[in-house]
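The values are calculated or read from the model by the stated rules, or taken from the named source; none is laboratory data. Given the structure is predicted, the values throughout are model-derived calculations rather than measurements. Cβ atoms come from the backbone with ideal geometry, glycine included; neighbour counts cover every protein chain shown.
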Amino acid sequence: MIGVYLLGALAIAIILFISRNKIFVYSLAGLFLVLQSVFAIYSCFHYGSTEWIYFTYDSLGVILLITMSIVAIPALIHSYIYIENHQENAQARAIYLTSMVLLIMAISAGYLSNHIAVTWIFTEITTLSASALIYHHRNKLALEGTWKYVFICAISITFIFIGILFLSLSLQHAGSDDLSFKNLLARRTELNPVWLRMAFLFIFTGFTAKLGLVPMFTAGIDAKDKAPAPAGALLATVLMNLGFVGIFRFYIVIANTPLLHWAQLVVGTAAFLSIFVSTVYMLKVKNVKRMLAYSGIEHMGIVMLGVAAGGIGYYAAVLHIILHAFVKSSLFFQFNQLYRVFQDKSIYHIGNYFKYNATGAMVLLFGFISATAMPPSGLFVSEFLIFKSIFDAGQIALLIAVLLLLTLIIFAFGKNIFKILFIPAVGFDDSNIEKISPWESLSQFLFLAFAVYLGLNPPAIFVQMLKDSVSLLPM
Amino acid sequence: MIHVLLITFIITLFYMAIANRLMTYIKVLALQGVILFFVVFLQLSEINTLNLVLIMLETIVFKSLAVPLFLSHLLKRNNITREAEPFLPNFVSLVITTFIVVITILISNTIKDDNLDKIFFVVALSTLFFGLYLIATRRKIITHVMGYMVIENGVFVLSLAVGNEMPMLVNLGIMLDIFASVLILGIFLNKIGDVFKNVSVDQLSNLKDY
């Protein structure tokens, strides 16, 4: 099936790239969604099996693949709305849809790969397709964003490759040349620790460009700002999850070696710095989209803190990235409607949103409550569990510092969101603003509700899969 | 013989650190490609012939012909001034490059590994850090790209160190080479040259938070 999926997606991408017929193109994009959903369902029924040597339907991969497939549906629907509203020409539409299909395909395959080099290859493909999406508007700022993204991603991909080379050196001591995660885990006692350390440093640094963590987070911010919002929703959620998969699968290996403590230190430091950096930027950011992107950095910092703390933190980290994917993508989908009303991204020029689009304003309000992990939100549960794991690990000082930083983030986030919702923008002419259909907010409501449901009352099978995905880690 | 070639490779880094003109950078990149061609020939004695020919073709055609020619074409087309415009004087560059090499030698001495020829490790790591240094201290975007090419050459050297046991990794490295170079050079440097007339990083600071 993975072969059918990859070839099918590739064929659809090529036809999308060539075709200029509007109805045909959109139905083809719909066909891709069907293929994606069928693939996700198929993966559930073939749980645990391996295809094409390099792809395994393991619990982490399957659960993220399902998340991806769910997020992809509204992403393409909102892309349709976006393209039709901007009256894009046929060529821009073709490039956009092709890149979306390739991006979704590469992320899905990256989730499922059981071999570090294969994950790396698909991460490369995501850089290519994401850069085409960021350059969608073809103006100076988009070019700047694209250039920065491409350059930083190219360097971080090189870093991952260096990490893989060090890993192969480490593996040579074990007399093996199979770089699959399973083999690495099986031979964990024979790996050379010096090379393993170097490998972890380089691979971790490389994947932070996708995950959005210190040190390589900068490129992602520009990318999410300049890409069209439906594409930005994918970049800010499922693509970050791909970075998480890359780090997490390797972390499972290193957590089973005596280097666990050292790795916790590395991951924990990067995670804390990410929360710190995102706090600093959140306090001064005035661009709505970039604010959402920085909030993503904060969430990834919390996730990696959970991973570093261990115990219940592993479970909570995986839960957190899934819930974050639904919450953050719905905020990005909503951004587009906000932009259509105000024609501006700056918070100074946006305000009193409740008056112009009450449904959309509700989405922003609920999205804010969810993203800041206030109680009804599902993220509250996962964040609470992560804090508990930090507490259990005995890092009280760290916990207090993180909580203080989060308070500042909630303050900054709330200040901006409530300005958007209630305080009128100075000099805004509301004589001919666009009326937006409430139906366009439906997917956002569903996602936010789904995140609450998954967090507060998770189905037993979901909990079981989460537990399976972290079962290889030492508790 | 391999050692002589790799030491020559390090010397090209020193030369690059004090070079003034962009054309010199491009020529050094081409020379590095030629050196890597011979290193591949001598080092990868155990892999099958077809793969060896492929790798050697990549070094000579891609690294020492295509990329340098394309870079010099870009220089001419965009009328980029021929000076490299470093932020730091050349003497400081030279000192820092020396530091980089000395530190990597010290690091390599702490590692005890019989499987690895240490000189590969030293050359690869110092090339990597030199490339990052080059990116950080030059003003033009095109020198950033050259710095990235230097990093890729360094990674290529490292992949040769394990090449006999895992030829797949060398091939992956080549894929990275071609993929990233085509992405960076082909699409964007062309576009950037069209949109920003004088290509300097100072023009790439318009994306702001407010």
Which one of these is at pLDDT 90 or above, away from every other protein chain (no Cβ under 14 Å) and surrounded by fewer than 20 Cβ atoms within 10 Å (Cβ to Cβ): A:384, A:333?
-> A:384
Can we say residue A:274 is among the polar types (S, T, N, Q), part of a helix (DSSP H, G or I) and touching a Leu at 6+ places or on another chain (Cβ under 6 Å)?
-> yes
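Can you pull out the residues in region B:13-28 that are surrounded by fewer than 21 Cβ atoms within 10 Å (Cβ to Cβ) and either more than 16 Å from the chain's Cα centre (by Cα) or assigned to a helix (DSSP H, G or I) (or both)? Break it down into steps so the answer makes sense when it comes.
Initially, region B:13-28 is screened for residues surrounded by fewer than 21 Cβ atoms within 10 Å (Cβ to Cβ), giving B:14-15, B:18-21, B:23-24, B:27-28.
B:14, B:15, B:18, B:20, B:21, B:23, B:24, B:27, B:28 - these are the residues of region B:13-28 that are surrounded by fewer than 21 Cβ atoms within 10 Å (Cβ to Cβ) and either more than 16 Å from the chain's Cα centre (by Cα) or assigned to a helix (DSSP H, G or I) (or both).
Anything in region A:427-448 that is assigned to a helix (DSSP H, G or I) and buried (at least 18 other Cβ atoms within 10 Å of the Cβ)? List them, or say none. Spell out how you get there, then give the answer.
First, pick out the residues of region A:427-448 that are assigned to a helix (DSSP H, G or I): A:438-448.
Listed by number, the residues that qualify are A:440, A:441, A:443, A:444, A:447, A:448.
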Where residues in region B:108-121 are of a type in the set (Val, Ile, Thr) and without any contact (Cβ under 8 Å) to a residue 24 or more places away in the chain, which of them is nearest to residue A:158 (Cα to Cα)?
-> B:111
Within region A:164-172, can one find any residue that is part of a helix (DSSP H, G or I), facing chain B (nearest Cβ under 9 Å), farther than 26 Å from residue A:191 by Cα and touching a residue at least 40 places away in the same chain (Cβ under 8 Å)?
-> no
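Out of the residues in region B:138-160 meeting the condition of being among the small types (Gly, Ala, Ser) and more than 8 Å from chain A (Cβ to nearest Cβ), tell me which one is surrounded by the most Cβ atoms within 10 Å (Cβ to Cβ).
Narrowing region B:138-160 to residues among the small types (Gly, Ala, Ser): B:147, B:154, B:159.
Now narrow it down to the ones that are more than 8 Å from chain A (Cβ to nearest Cβ): B:147, B:154.
Values: B:147: 22, B:154: 25.
Out of the qualifying residues, it is B:154.
Run down A:142, A:132 and say which single residue is within 12 Å of chain B (Cβ to nearest Cβ) and without any contact (Cβ under 8 Å) to a residue 60 or more places away in the chain.
Details: A:142 fails: without any contact (Cβ under 8 Å) to a residue 60 or more places away in the chain.
Residue meeting the stated conditions: A:132.
Could you tell me whether region A:372-386 includes any residue that is of a type in the set (Val, Ile, Thr) and under 18 Å from residue A:237 (Cα atoms)?
First, pick out the residues of region A:372-386 that are of a type in the set (Val, Ile, Thr): A:372, A:381, A:386.
Imposing the further condition that a residue be under 18 Å from residue A:237 (Cα atoms) reduces the set to A:372.
Yes, some residue in region A:372-386 is of a type in the set (Val, Ile, Thr) and under 18 Å from residue A:237 (Cα atoms).
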Return the only residue of A:160, A:203 being within 12 Å of chain B (Cβ to nearest Cβ), within 29 Å of residue A:72 (Cβ to Cβ) and β-branched (Val, Ile, Thr).
-> A:160
Confirm whether residue A:163 is crowded, with 22+ Cβ neighbours inside 10 Å, under 17 Å from residue A:254 (Cβ atoms) and in the same structural domain as residue A:49 (by TED's automatic domain parsing).
-> yes
Helices (runs of 4 or more DSSP H) completely within region A:326-426 that count 1 or more residues being of a type in the set (Lys, Arg), in contact (Cβ under 8 Å) with a residue 12 or more places away in the chain and closer than 30 Å to residue A:264 by Cβ = A:378-392
State all residues of region A:192-218 that are in contact with a helix residue (DSSP H, G or I) (Cβ under 6 Å, 6 or more places away or on another chain) and surrounded by fewer than 24 Cβ atoms within 10 Å (Cβ to Cβ); if no residue qualifies, say none.
-> A:192, A:195, A:198, A:202, A:205, A:214, A:216
Neighbours by Cβ (under 8 Å, 6+ apart or cross-chain): first from region B:130-145, closer than 11 Å to residue B:88 by Cα; second among the hydroxyl-bearing types (Ser, Thr, Tyr) and surrounded by fewer than 21 Cβ atoms within 10 Å (Cβ to Cβ) | B:139/B:200
Does residue B:88 meet the test of being away from chain A (no Cβ under 14 Å), outside any helix (DSSP H, G or I) and touching a residue at least 40 places away in the same chain (Cβ under 8 Å)?
-> yes
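Restricting attention to helices (runs of 4 or more DSSP H) lying wholly within region B:127-210, give those where 3 or more residues are modelled with pLDDT of 80 or more and touching a strand residue (DSSP E or B) at 6+ places or on another chain (Cβ under 8 Å).
Once the helices (runs of 4 or more DSSP H) in region B:127-210 are filtered for at least 3 residues that are modelled with pLDDT of 80 or more and touching a strand residue (DSSP E or B) at 6+ places or on another chain (Cβ under 8 Å), what remains is B:141-161.
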